[in-house]
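Okay, structure first, notes after.
Just so it is clear, none of the values below were taken in a lab; they were calculated from the coordinates. Because the structure is predicted, anything quoted here is derived from the model rather than measured. Please note: Cβ atoms are built from the backbone with ideal geometry, for glycine as well, and neighbour counts cover all protein chains shown.
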Amino acid sequence: MLEGLTITRDALARTTRLVASARLRPPVLERLVDVDDLAALAEIEGATSNRLLAQNRGTAHVHAYELVYGVPHAAFINASFAYAKPREVNRFNGSERGVWYAALDVETCLAEVRYHLTEALAQAGVFEATVDYAELHASFAGEFVDLRPHPDHVCLQPDKNVGYPAGNALANAARARGFNGIIYPSVRHMGGVCIAALFPHAVQSVAQGDVYRMTWRGTPEPVVEKLTG
């Protein structure tokens, strides 16, 4: 699967990932209960959260020893691996184990997120939504499968039915070899470069950045605003 592909040892000082900003706020329920009830809420969350279950005892596809602890935004790093899109694969991960997707610039992140959200709204038949996304910056260093010299690789096909199965097979082979991830040309943003980190430990020095708002008002093309800077 990796035969003929480029393996790069690289250091990426600053990459960007977008996460829904609601995840960065304190839980809404905290304002609705007494302090004594917070422990009960934490127990409920611990019994239902894939991230906490993975941290405590691991899952069939994410081992507890793989996750990171005691570093800034560890919860977001771990959640990106413990949570995967149910019943549907992504380009480099299946439904049981996630990866940390990022890009070299926010424009590429916005294009990728915009594409997938617009697709979801099209399936619902209603282009009405407002979503805020926060930047999470991270650095990477190590060995990666580098698809930039291979833009015609089958896993980069826009058709999900073609590209995603091939991408998952490639990611599994790269993970088995211990490579930190895959660097690849963005499929949704011409000229953009994306990173799929395959292990939690590969995600380093995470810090929060700006917040962007995407608003759909009846059409497939959203208005994008930068809220902080």
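For this structure, a couple of remarks:
- Karplus (6.51, -1.76, 1.60) ³J(HN,Hα), θ = phi - 60°, over region 118-132, in Hz, Gly and Pro reported as x: 4, 4, 5, 5, 5, 5, 7, x, 9, 9, 9, 6, 9, 9, 9
- 5 angstrom amide H check on residue 12, placed H, neighbours 5+ away: 140, 141
- Table column - 3J(HN,Hα) (Hz), region 168-183, Karplus curve with 6.51, -1.76, 1.60, x for Gly and Pro: 5, 5, 5, 5, 4, 5, 5, 5, 5, 8, x, 6, 5, x, 10, 9
- Additional length obtainable on full extension of the chain from residue 225 to residue 64, 0.36 nm per residue less Cα span: 54.2 nm
- Each Lys or Arg adds one and each Asp or Glu subtracts one; over the other residues with Cβ under 10 Å from the Cβ of residue 222, this totals +1.
- Peptide packing for 167-173, 194-200 was compared via the average number of neighbouring C-beta atoms within 10 Å per residue; ordered from the highest value, the list is 194-200, 167-173.
- Note on residue 201 and residue 160: with the Förster distance fixed at 41 Å, the Cβ-Cβ geometry gives a FRET efficiency of about 0.90.
- Whether region 83-194 is rounded, prolate or oblate, judged on the alpha carbon gyration tensor where a/c under 1.5 counts as rounded: prolate
- For peptides 129-140, 211-222, sequence by mean Cβ density within 10 Å, most packed first: 129-140, 211-222
- Listed from fewest to most Cβ neighbours within 10 Å, the set 146, 159, 105 follows the order 159, 105, 146.
- Taking label positions 7 Å along the Cα-Cβ direction at both residue 71 and residue 126, the computed distance is 4.1 nm, reported to one decimal.
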